[in-house]
Each structure stands twice: as structure tokens, then as C-alpha cells.
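Report on one structure; see the data block that follows.
The values are calculated or read from the model by the stated rules, or taken from the named source; none is laboratory data. The structure displayed is predicted, hence computed values, not measured ones. Note that we place each Cβ from the backbone using ideal geometry, even for glycine, and neighbour counts take in every protein chain shown.
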Amino acid sequence: MKNTVMTLLEQKQSGDKITMLTAYDFTTAQIMDECGVNAILVGDSLGMVMLGYENTLPVTMEDMIHHTAAVSRGAKNAFVVADMPFMSYQISVQEAVTNAGRLIKEGGAHAVKLEGGAEVCEQIRAIVNASIPVVAHLGLTPQSVNVFGGFKVQGKSLDKARKIIEDALKIQEAGACAVVLEGIPARLAEIITKKLAIPTIGIGAGNGCDGQVLVIQDMLGMTTGHTPKFVRQFAQVGALMRQGISDYISETKSGAFPAEEHTYSIDENVIKEISEEEN
Ligand code: KIV
């Protein structure tokens, strides 16, 4: 079954949890789609996990279109959401609509995601008016890492919690079809989820949200170094890859690979003729 804005909304209404994962390439998107994930986010986290940047700020529109198009080719039923990168929607409403349109037309996405609350409502309204669904993103919004002074949990104080609730209501009023709640206390996410008619998708926001999203490399155990508290590693793919690559190196060096079954045969007479010509 195709996942759409309507089916995601119905999932909220019926209490069927929405599953979303990030993907940045065709093969991964195809596997996720086969598994039946509801939505695939082509996150600007690709700057960190695919391109090796320290944060998401250097990611460009060209990066996003390139990876979104690959994911869209692999996703047959999942709802594909493409992140609007830093500075692709902040400068003007007109630029925001143009760039959102590119992610749909050139990337094949079904919706775009952008970070922020009241300050981006004008952009949300204009993009939705252009018939493009918008997913909002509140809480620990990674494009504001320099304002937050690091990747820190948001909304813990009364003022900050109130602001996130107000922003959630405003982005809904502006026409957002869903909202990602990242790095906020679980109790706060639960309150927002109850207040909103649109689905909330949490990452580091507890299980009171209407759905969950994780970065694929994190949840498959492929990332090294610090992993945030909210990540659960559902598989140890990094360890499997290391084992497979080490086995390849040692078997290639020893000559055990390629074996007979990996090689193509040829008529002995051809070899005989060639050998005679060579001599
Ligand atoms: O860029 C991304 O992957 C995201 C998720 C972490 C929600 O925005």
C-alpha cells in the first residue's frame, strides 16, 4: 500500500505508529521499502553520515537533490520526505518555494522538511500553497547547532517548553502535514502529540509520539564514536561489514578468492591455439 499524507494522518487517528527511517541511496531505500517502512527521510544528516562533515550546515541543494532522486527510485510505497538544507529556505519565501519545488520535481520527493517554528511559518504557508506537503521539525533542530552551542536537549525549562508547544501549534496552523520532534523530554512530546491533529514523529522524544524516526547508520550499528542516548542499535551491521571486508582482504591475499565457482570457463581448443600463437 502507498503511504501518503492521508495514510500517515489515518495512522495517527487509529493509533498505528508511523515508522520512518533515513536513507540516502537507492539500495537502502529499496530494502526499507520492501520491509514496509511508512516513510523515508532523506535527511540533511547525509552531510554527516555520507559526506563526513561535522554537522549538517555545509549540505547543498545539489547534494539533497542527488540523494533524494536515488532514494525515490528505490521507494515504491514509502512516503519520501526530503530535507531542505541550511539556507535554502531562510533567505526568502520565494527561494523557499523554488527550492522545495526542486526537491519534488528533480528529486521525486513527496514532501519537504524544514526546521523551525514561528519564524518559518510564512515559508510553510507558501510551500503548502504551491501544493507541496511540508513536514516541520522542532526541538533540537541540527541546523541551529551554533545557536544551541552543541547538540543539546531542548525544551527543559518552562519558557522553552512553552515556546515549543506554541511553535507546534503555529506550524500546524500554517499547514504542516506532520512534525518531527527531536531531542525534547518525552513528557513534553506527549503533550504536543495530544494537542496536535497532525502526526508527531519523534527522535529522542520518547514513545508518546505518533511515530519514530532514526538515522539508518545509527540504528544498524554502523556509526563509530559517540552515539546519542536515544539510539538503539537494532543490528550490528558495522561489525558484519568489518568482518566481511577483513575476510575479503585475507582470502584475496592468500589466493583463496576467487575460487573455481567465481570464474568463467573457455574452450580448451581456444586456449591451445592462443598458446601456440604466443610461442
Ligand atoms: O537530517 C535528519 O536525518 C533528520 C532526522 C534526524 C530527523 O532531520
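Tabulated data for the structure shown
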quantity	calculated
In the range 223-274, residue farthest from the chain's Cα centre (by Cα) [restricted to those that are of a type in the set (Ser, Thr, Tyr) and assigned by TED's automatic domain parsing to the domain that holds residue 213]	224
Filter result for residue 98 (more than 15 Å from the ligand (Cβ to nearest atom) and surrounded by fewer than 21 Cβ atoms within 10 Å (Cβ to Cβ))	yes
In the range 150-171, residue modelled with the lowest pLDDT [restricted to those that are loosely packed, with under 14 Cβ neighbours inside 10 Å and assigned to a loop (DSSP other than H, G, I, E, B)]	150
Filter pass, residue 70 being surrounded by 14 or more Cβ atoms within 10 Å (Cβ to Cβ), within 15 Å of the chain's Cα centre (by Cα), among the small types (Gly, Ala, Ser) and assigned to a strand (DSSP E or B)	no
Test for residue 133: is it more than 14 Å from the ligand (Cβ to nearest atom) and either touching a residue at least 12 places away in the same chain (Cβ under 8 Å) or farther than 30 Å from residue 102 by Cα (or both)	yes
Check on residue 132, of a type outside the set (Lys, Arg), in the same structural domain as residue 183 (by TED's automatic domain parsing) and in a helix (DSSP H, G or I)	no
Single residue of the range 1-22 satisfying the filter (within 16 Å of the ligand (Cβ to nearest atom) and either more than 24 Å from residue 132 (Cα to Cα) or of a type in the set (S, T, N, Q) (or both)) that is surrounded by the fewest Cβ atoms within 10 Å (Cβ to Cβ)	19
Considering residues of the range 187-222 that are on the phi > 0 side of the Ramachandran plot and within 18 Å of the chain's Cα centre (by Cα) only, the residue surrounded by the fewest Cβ atoms within 10 Å (Cβ to Cβ)	221
Residue 114, sole failed condition from (1) in contact (Cβ under 8 Å) with a residue 60 or more places away in the chain; (2) closer than 20 Å to residue 45 by Cβ	(1)
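Okay, residues lined up against (1) part of a helix (DSSP H, G or I); (2) in the same structural domain as residue 221 (by TED's automatic domain parsing); (3) within 15 Å of the ligand (Cβ to nearest atom):
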{"site": "24", "(1), (2), (3)": "no, yes, yes"}
{"site": "30", "(1), (2), (3)": "yes, yes, no"}
{"site": "34", "(1), (2), (3)": "yes, yes, no"}
{"site": "63", "(1), (2), (3)": "yes, yes, yes"}
{"site": "77", "(1), (2), (3)": "no, yes, no"}
{"site": "80", "(1), (2), (3)": "no, yes, yes"}
